[in-house]
Amino acid sequence: MKALCWEGVNELAVERVPDPQIINAQDAIVKVSLSTTCGSDLHLLGGYVPAMRAGDVIGHEFVGEIVEVGSEVRRHQVGDRVVVCSIIGCGRCWHCEHDMWSLCENSNTTPGITDMLWGGDTAGIFGYSHAMGGYRGSHAEYIRVPYVDYGAFAVPHGVDDMNALFASDSAPTGWMGADLGGVRPGDVVAVWGCGAVGQMAARASTLLGAARVIAIDRYPERMAMTERHVGAETIDYTRTDVVAELKERTGGRGPDVCIEAVGLEADSPGPQKVYDKAKQRMGLEQDRPIAVREAIYACRKGGSVFILGVFTGLVDKFPLGAMMNKGLTVRGAQQHGHRYIPKLLDLMDKGELRAAHLATHTMSLDDGPRGYDMFKNKKDGCVRAVFRPWA
Ligand SMILES: NC(=O)c1ccc[n+]([C@@H]2O[C@H](COP(=O)([O-])OP(=O)(O)OC[C@H]3O[C@@H](n4cnc5c(N)ncnc54)[C@H](O)[C@@H]3O)[C@@H](O)[C@H]2O)c1
Ligand SMILES: [Zn+2]
Ligand SMILES: [Zn+2]
């Protein structure tokens, strides 16, 4: 079959790879209808995530149809239209049973790397390096889905593929940020990043009752989209001091909840980016935590910061003193999608949550390398490139 493969840092190619087979009794094979780029793929492309190998099929946010099931699959059958969570969870370990699916103890078949890096192994993720199980990704005609009874969700008739697609990863990620960030009715929420994840976090905050949501980015078309589709106010971080502006807009107090949806390749118009990039290059820190620092300084005393952006290792100039003395709660996680996807599909069915606008560019899988170039470099207002493997 055809698939989009990582071939090296900033190098992708469409190749022929073997068709996936059922390996375990709880597997299914899904024929991929739509598969989208994600900010996390940019970290793989940029060479920031360890244990990628030439020929790895990338992609983890997708919707499709079940075409084959293993002998122990109970909740799904051939022909089901499903959205599949980007994170793989076994459904039976302690962490899955406690709704912390990205911490699954069984789905990462190569747990040694994350265990060594972080003192605890994390779940398997589709198309996301050999540190996360080495699973083949969704930018392909077919994909093997392990533990399909837990990870795949039937899409309601009223939800089209283009909306359902984002219930795989960006919508549950955004929802988790607002939920575990502790958004309460009446709160002011600030969200760093107007990509798909930031927009979904902003929308989730509103649906959970936030009185105001303020989103931060630099790209006018992303900010305009966030204002129009999500109803958030925006701040352009290249034009103003974000921390001062957030304090100004909140009567000096700062937002109650700050959600970071930028990640390890954060940008900054000031010297921070030069400093962090130099340290990253020399291996003195792994990630650029520019938006995390800002969130901690901006957050109101006693408030909470949730880190949705992906980070891999050690960072420098982390404002621990501000965090401690201001009494902040700082959390982060890879998304626990299984916990939120049914609710999100229901909200989509009712028309309360829409995500299809994120798909600014749709193309065939053959155009994969071009799609990633547009997405990475924000060309032509690209928010997400979506591939149709069967087009
Ligand atoms: N936790 C999870 O499970 C999970 C799931 C999906 C994605 N992610 C991560 O979330 C992050 C965002 O993903 P995405 O798909 O929306 O990516 P994206 O690249 O489309 O969006 C990131 C946005 O951040 C903006 N940005 C850069 N520096 C900034 C700064 N200093 N302040 C404010 N905005 C800034 C960029 O302009 C861009 O619009 C990535 O790090 C991705 O890896 C995490
Ligand atoms: Zn993702
Ligand atoms: Zn598990």
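The values are calculated or read from the model by the stated rules, or taken from the named source; none is laboratory data. Computed from a predicted structure; not experimentally measured. Positions of Cβ are generated from backbone atoms using ideal geometry, with glycine treated the same way; all protein chains shown enter the neighbour counts. SASA here: full protein model, heavy atoms, side chains in, ligands and nucleic acids out. Shrake-Rupley method; radii C 1.70, N 1.55, O 1.52, S 1.80 Å.
On the basis of being under 27 Å from residue 88 (Cβ atoms), assigned to a helix (DSSP H, G or I) and open to solvent by less than 50 Å² (accessible area, probe 1.4 Å), does residue 344 make the cut?
Values: under 27 Å from residue 88 (Cβ atoms): yes; assigned to a helix (DSSP H, G or I): yes; open to solvent by less than 50 Å² (accessible area, probe 1.4 Å): yes.
So residue 344 fits the description; yes.
Between 265, 285, which is surrounded by 17 or more Cβ atoms within 10 Å (Cβ to Cβ) and at pLDDT below 95?
Details: 265 fails: at pLDDT below 95.
Sole residue among the options that is surrounded by 17 or more Cβ atoms within 10 Å (Cβ to Cβ) and at pLDDT below 95: 285.
When you scan the stretch 356-377, do you find a residue that is among the basic types (Lys, Arg) and either open to solvent by less than 50 Å² (accessible area, probe 1.4 Å) or more than 30 Å from residue 47 (Cβ to Cβ) (or both), even just one? Step through it out loud before you land on a result.
So in the stretch 356-377, the residues among the basic types (Lys, Arg) come out as 370, 376.
Applying the additional criterion that residues be either open to solvent by less than 50 Å² (accessible area, probe 1.4 Å) or more than 30 Å from residue 47 (Cβ to Cβ) (or both) yields none.
Checking the stretch 356-377: not a single residue is among the basic types (Lys, Arg) and either open to solvent by less than 50 Å² (accessible area, probe 1.4 Å) or more than 30 Å from residue 47 (Cβ to Cβ) (or both).
Could you list all residues from the stretch 75-111 that are out of contact with any His (no Cβ under 6 Å at 6 or more places or on another chain), more than 12 Å from ligand 3 (Cβ to nearest atom) and either among the polar types (S, T, N, Q) or not assigned by TED's automatic domain parsing to the domain that holds residue 131 (or both)?
Result: 77, 109.
Out of (1) buried (at least 18 other Cβ atoms within 10 Å of the Cβ); (2) in contact (Cβ under 8 Å) with a residue 40 or more places away in the chain; (3) away from ligand 3 (no atom under 11 Å from the Cβ), the odd one out for residue 123 is which?
Residue 123 satisfies all of (1) buried (at least 18 other Cβ atoms within 10 Å of the Cβ); (2) in contact (Cβ under 8 Å) with a residue 40 or more places away in the chain; (3) away from ligand 3 (no atom under 11 Å from the Cβ) except (3).
Taking the criterion of being at positive phi and modelled with pLDDT of 95 or more, would at least one residue in the stretch 151-174 satisfy it? Break it down into steps so the answer makes sense when it comes.
Our first condition is that a residue be at positive phi; within the stretch 151-174, this holds for none.
Checked against the condition, which is being at positive phi and modelled with pLDDT of 95 or more, the stretch 151-174 yields no hits at all.
Check residue 321 against each of (1) in the same structural domain as residue 43 (by TED's automatic domain parsing); (2) more than 16 Å from ligand 2 (Cβ to nearest atom) and name the one condition it does not meet.
(1)
Go through the stretch 146-188 and count every residue that is closer than 20 Å to residue 362 by Cα, charged (D, E, K, R) and away from ligand 2 (no atom under 14 Å from the Cβ). Walk me through it before giving the result.
Just the residues of the stretch 146-188 that are closer than 20 Å to residue 362 by Cα, to begin with: 159-171.
In the following step, the residues that additionally are charged (D, E, K, R) were identified as 160-161, 169.
After this cut, where a residue has to be away from ligand 2 (no atom under 14 Å from the Cβ) as well, the list is 160-161.
Count: 2.
Select from the stretch 314-325 the residues that are open to solvent by less than 40 Å² (accessible area, probe 1.4 Å) and outside any helix (DSSP H, G or I) and list them in ascending order.
316, 319
Among the strands (runs of 3 or more DSSP E) confined wholly to the stretch 1-111, which include 3 or more residues that are of a type outside the set (Ser, Thr, Tyr) and more than 15 Å from ligand 1 (Cβ to nearest atom)?
Values: elements: 2-8, 11-16, 28-36, 61-69, 81-84.
The qualifying strands (runs of 3 or more DSSP E) are 2-8, 11-16, 28-36, 61-69.
Restricting to the stretch 131-182, and then to whatever is open to solvent by less than 10 Å² (accessible area, probe 1.4 Å) and hydroxyl-bearing (Ser, Thr, Tyr), can you tell me which residue is nearest to ligand 1 (Cβ to nearest atom)?
170
In the stretch 248-262, how many residues are more than 27 Å from residue 353 (Cβ to Cβ) and open to solvent by 60 Å² or more (accessible area, probe 1.4 Å)? Before you say what the answer is, go through the steps one by one.
First, pick out the residues of the stretch 248-262 that are more than 27 Å from residue 353 (Cβ to Cβ): 248, 251-254.
Now drop any that are not open to solvent by 60 Å² or more (accessible area, probe 1.4 Å), which leaves 248, 251, 253.
So the count comes out to 3.
Among 213, 230, 191, 242, which is the only one that is open to solvent by less than 20 Å² (accessible area, probe 1.4 Å), in the same structural domain as residue 272 (by TED's automatic domain parsing), away from ligand 2 (no atom under 16 Å from the Cβ) and more than 22 Å from the chain's Cα centre (by Cα)?
Numbers: 213 fails: more than 22 Å from the chain's Cα centre (by Cα); 230 fails: more than 22 Å from the chain's Cα centre (by Cα); 191 fails: more than 22 Å from the chain's Cα centre (by Cα).
Matching residue, one of 213, 230, 191, 242: 242.
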